[in-house]
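Working notes for the structure below.
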Amino acid sequence: MLIWHSALSSNTRDIIYWMPYGLAAITAMLALQFNRRQLITVVMVNSFSYWIISNYLQQPLDVPEAKTAFTLICLFIPLNLVLNQFIRENGSKTRRAWLSYGFILIQVAAISLSINYFSTDLLGIIDEWFPPRPLDGLVISLHALGLATLCLVLAFIRFLNQPTSLSIGLFFSFVASVFPLAFLDREAISSVFFAASMLIMLYSGFSASHELAYRDELTGLLGRRMLFEKLAGMSKNYSLAMVDIDHFKKFNDTYGHDVGDDVLAMVASKLDQIEGGGQVFRYGGEEFTVLFKGKKLDHALAFLDDIREIISETPFAIRDKTNRDKGDKAARDEEAKPKNTVQITVSIGVAEKASHHANAEEVIKEADNALYKAKNKGRNIVVG
């Protein structure tokens, strides 16, 4: 868009100019619909920054108001966007969310007052610490660039620790928002990159909402709906395993559903570490499904047996949670200590898609039959 901007008609240029605002409005509506504070924060930060650039930075940076506006925006964007990634998402209307919005609005008011009333007073500090155009072609000051780089590194580390659709979007939206500050002299660069930033957040918001609808809340795994969607697009060359926790009902009856949920979470976390290209889904209850796309039965059997062994060798500590909220901290700590350790095992049935299978349901049925054979053979084995 930057390459061809000069050749575009004036009407098209106007559309590009207003595009960040339009995309910000759509993203804000999506964020409210899906209760996402982080999306709203990005909209607030980017919309205000773009407005400042459009209204104060269409003049030489030698003008005090322009120099002050540019410097403050170079600090405002990276600090707020990296902080946004480190504040845990807990909804768009919680007390924490309103404090976050209030903090941004206070900064907005302070920046606006500084530009309009104190820009001359701030020139000494800006010229000493944040002088623009330190190098040919680079507009942002070296100190501000260092701060932005540090914030981007922190945001990248955060993204690596939590690689969800939303965290990926937050990081790359951050990159798109910071980039035009370095090369602000380029025509339309702020319009193009702030629009890109909003498009990234819009896509990430939809992806995160899609994940929420398809992901099991207890285990964090994708659910049965996603499994069948994937299977619908696969006509051949895959193996599928049904995994069932042995004696789970008896375990639930003995120790309670809270501990049963802990068992499900533990088994899910171990299954999710399976190698060999297996993708794990929660099928329902104590059953899981492992899908090996493009893999033969022998390949799947080897990796499933490895993960079965890992689960059986992982000790599971039973904790007494009935009195955790009673007494002082020492008493609660004592009650929370492991009381005994039990062995959790799984039985696994595997089937490979073959020509005689008319659809995915028949493959699942064959894997289920193999699972029943595994149960009948004494459990804690893989049958294919």
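The values are calculated or read from the model by the stated rules, or taken from the named source; none is laboratory data. None of these values were measured; they are calculated from a predicted model. Please note: Cβ atoms are built from the backbone with ideal geometry, for glycine as well, and neighbour counts cover all protein chains shown. The accessibility values were calculated without ligands, DNA or RNA, using every heavy atom of the protein model including side chains. Shrake-Rupley method; radii C 1.70, N 1.55, O 1.52, S 1.80 Å.
Listed values, structure above:
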| read-out | value |
| --- | --- |
| Qualifying residue in region 308-319 (condition: open to solvent by 30 Å² or more (accessible area, probe 1.4 Å), in a helix (DSSP H, G or I) and either in contact with a helix residue (DSSP H, G or I) (Cβ under 7 Å, 6 or more places away or on another chain) or aromatic (F, W, Y) (or both)) | yes |
| Out of A69, A31, A110, sole residue that is in a helix (DSSP H, G or I) and at pLDDT below 95 | A31 |
| Residue in region 120-141 that is most open to solvent (accessible area, probe 1.4 Å), counting only those that are within 15 Å of F183 (Cβ to Cβ) and of a type in the set (A, V, I, L, M, F, W, C) | L135 |
| One residue from Y117, Y50, Y101 being surrounded by 21 or more Cβ atoms within 10 Å (Cβ to Cβ), of a type in the set (S, T, Y) and either on the phi < 0 side of the Ramachandran plot or under 31 Å from the mean Cα position of the chain (by Cα) (or both) | Y50 |
| Selected residue (only one of P60, P134 is touching a Leu at 6+ places or on another chain (Cβ under 7 Å) and within 21 Å of R186 (Cα to Cα)) | P134 |
| Residue match in region 209-224 (condition: in contact with a strand residue (DSSP E or B) (Cβ under 7 Å, 6 or more places away or on another chain) and aliphatic (A, V, I, L, M)) | yes |
| Selection count where residues are free of Cβ contacts under 8 Å to residues at least 40 places away in the same chain and surrounded by 13 or more Cβ atoms within 10 Å (Cβ to Cβ), scope region 104-114 | 3 |
| Given (1) within 26 Å of the chain's Cα centre (by Cα); (2) within 13 Å of F70 (Cα to Cα), index of the condition G169 fails | (2) |
| Test: residue in region 90-110 that is in contact with a Gly (Cβ under 9 Å, 6 or more places away or on another chain) and aliphatic (A, V, I, L, M) | yes |
| First in region 261-290 and surrounded by 16 or more Cβ atoms within 10 Å (Cβ to Cβ), second anywhere and of a type in the set (K, R) and assigned to a strand (DSSP E or B), Cβ under 6 Å, 6 or more apart | F288/R282 |
| Scan of region 16-32 for residues that are free of Cβ contacts under 8 Å to residues at least 60 places away in the same chain and over 22 Å from F103 (Cα atoms), ordered by number | W18, G22 |
| Residue list for region 34-66, restricted to those being assigned to a loop (DSSP other than H, G, I, E, B) and polar (S, T, N, Q) | N35, Q58, Q59 |
| Filter result for A144 (among the aliphatic types (A, V, I, L, M), open to solvent by 30 Å² or more (accessible area, probe 1.4 Å) and either more than 25 Å from G205 (Cα to Cα) or at pLDDT below 95 (or both)) | no |
| Candidate set from region 1-28 (those that are modelled with pLDDT under 90 and closer than 19 Å to F172 by Cα); member that is most open to solvent (accessible area, probe 1.4 Å) | M1 |
| Tabulated pairs, region 357-369, first on the phi < 0 side of the Ramachandran plot, second assigned to a helix (DSSP H, G or I), C-beta under 6 angstrom, 6+ apart or interchain | H357/V363; A360/L231 |
| Residue list for region 34-53, filter: modelled with pLDDT of 95 or more and farther than 22 Å from A155 by Cα | W51, I52, I53 |
